[in-house]
Amino acid sequence: MVRHFLDLYRLEAEELRAILDDAHARKQARKGWPKGRVDADAPARDRVLAMVFEKNSTRTRFSFDAAIRQLGGASIIANADDMQLGRGEPVEDTSRVLSRMVDAVMIRANSHEDVERFARVATVPVINGLTDRSHPCQILADILTIEEARGPIAGKTIAWVGDGNNVCHSFMHAAPKLGFHLQVACPADYHPDLHDLARGGNHVSLTSDPREAVQGADVVVTDTWVSMGDQDYEARLEAFDGYGVDDGLMEAAAADAVFLHCLPAHRGEEVTDAVIDGPSSLVWDEAENRIHAQKAVLAWCFAG
């Protein structure tokens, strides 16, 4: 059976925990190694990963390329506009063709529905590299980072401050699977999708007050207020006034709280320089950990 990696809520808790444990182990095993050296077990030897981008990318592009190489495989990278997909070819037809040519496909897409359509007919694993609805690979990297710095995620409290977006959704999907609590603060007009909120169950709480969400939290997370494709820049800046993470907001969190941001950051909007460059910030570890988390995802997909 083909293993797709589309949303965290689709995985069993044991599967999600196993992927994270493998990410920890793979990172630890290659300490001090050159970045181009292949892992000892090389689970992707002789395999090719296709990466399809409908959205611009820095971390997703470089981390997946590094990941498949460290697993012993190779990659082919294409922007959707350079493909027939960008000229109106049905998603399903592209999926059928790529399934004959590569061993897995990672898609960074505008529409979550398109990725689901792609996966429905694919005969190789399909990995969600980001859609408008979720960003599961990012949350694995975030949790890997938290556990490295503060130990097991179970029982921790994470505060999300800002837009109830795709990254927020994936945090909500992970909360009941891994046993942490997520306190979300969003303006009323930018709250998370209610279906995704329901998936978090009693592990997720929602407020419009950033200080309430951050109170006593072990981790404070934010993201850009204006994502690629958003057309309401001025309205968003006005709505999110007061939601910026600064030293004052961090002081409401636990004394040893850490700060995360998936990047790119709009300094002076959702976060100040003092926080993102300060001692509580783990954003650079978080960015690196995209490689290790995605290696574990790829290995899981190939083991299916």
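The values are calculated or read from the model by the stated rules, or taken from the named source; none is laboratory data. This is a predicted model, so every value here is computed, not measured. Glycine also receives a Cβ, built like all others from the backbone with ideal geometry; neighbour counts cover every protein chain displayed. Only protein heavy atoms, including side chains, enter the accessible area calculation; ligands, DNA and RNA are left aside. Shrake-Rupley method; radii C 1.70, N 1.55, O 1.52, S 1.80 Å.
Summary table
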{"item": "Within a Gaussian network of the chain (alpha carbon springs, distance under 10 Å), most fluctuating of Asn110, Asn56, Asn165", "result": "Asn56"}
{"item": "Farthest toward positive dipole pole in the stretch 1-110 [+1 Lys/Arg, -1 Asp/Glu at C-beta], among Pro43, Ala109, Tyr9", "result": "Pro43"}
{"item": "Distance (nanometres) between label positions extended 7 Å along Cα→Cβ at Leu194 and Asp256", "result": "4.1 nm"}
{"item": "As computed over the stretch 1-153, the Cα convex hull volume per residue (Å³)", "result": "123 Å³"}
{"item": "Contact order normalised by residue count of the stretch 136-286, Cα under 8 Å, 6+ apart, percent", "result": "24 percent"}
{"item": "Using distinct alpha-carbon pairs, which all enter the 1/r mean, Kirkwood radius of the stretch 260-304 in Å", "result": "12.1 Å"}
{"item": "Residue-normalised accessible area of the stretch 60-135, given per residue in Å² at a 1.4 Å probe", "result": "44 Å²"}
{"item": "Part-to-part distance (alpha-carbon centres) for the stretch 208-262 and the stretch 1-19, which is given in Å", "result": "28 Å"}
{"item": "Heavy-atom accessible surface of the stretch 165-304: percent carbon and sulfur, 1.4 Å", "result": "49 percent"}
{"item": "Bins of 10 Å, starting at 0 and running to the largest distance - Cα pair percent for the chain", "result": "6, 29, 35, 23, 7, 0"}
{"item": "Relative contact order for the chain, counting Cα pairs under 8 Å that sit 6 or more residues apart, in percent", "result": "21 percent"}
{"item": "Sites excluded, GluC sites (Glu not before Pro) in DSSP loops with at most 15 other C-beta within 10 Å, longest stretch of the chain", "result": "13-250"}
{"item": "Debye-sum result for the stretch 136-286 in log10 I(q)/I(0), which assumes one identical scatterer on each alpha carbon, at q = 0.08, 0.13, 0.15, 0.17 Å⁻¹", "result": "-0.18, -0.50, -0.68, -0.90"}
{"item": "Total charge dipole magnitude, the stretch 136-286, about the Cα centre, Cβ charges on Lys, Arg, Asp, Glu only, Debye to nearest 20", "result": "660 debye"}
{"item": "Angle between the chain longest axis and helix 91-101 axis [Cα atoms, degrees, rounded to 10]", "result": "60 degrees"}
{"item": "Average accessible surface area per residue within the stretch 159-304, 1.4 Å rolling probe, Å²", "result": "39 Å²"}
{"item": "Under-17-angstrom lysine pairs by C-alpha in the chain, whenever the two are 8 or more apart or on separate chains", "result": "5"}
{"item": "Cα principal axis extents for the stretch 1-72, largest first, Å", "result": "35, 32, 23"}
{"item": "Electrostatic dipole magnitude of the chain [Cβ: Lys, Arg +1; Asp, Glu -1; Cα centre; debye, to 20]", "result": "1620 debye"}
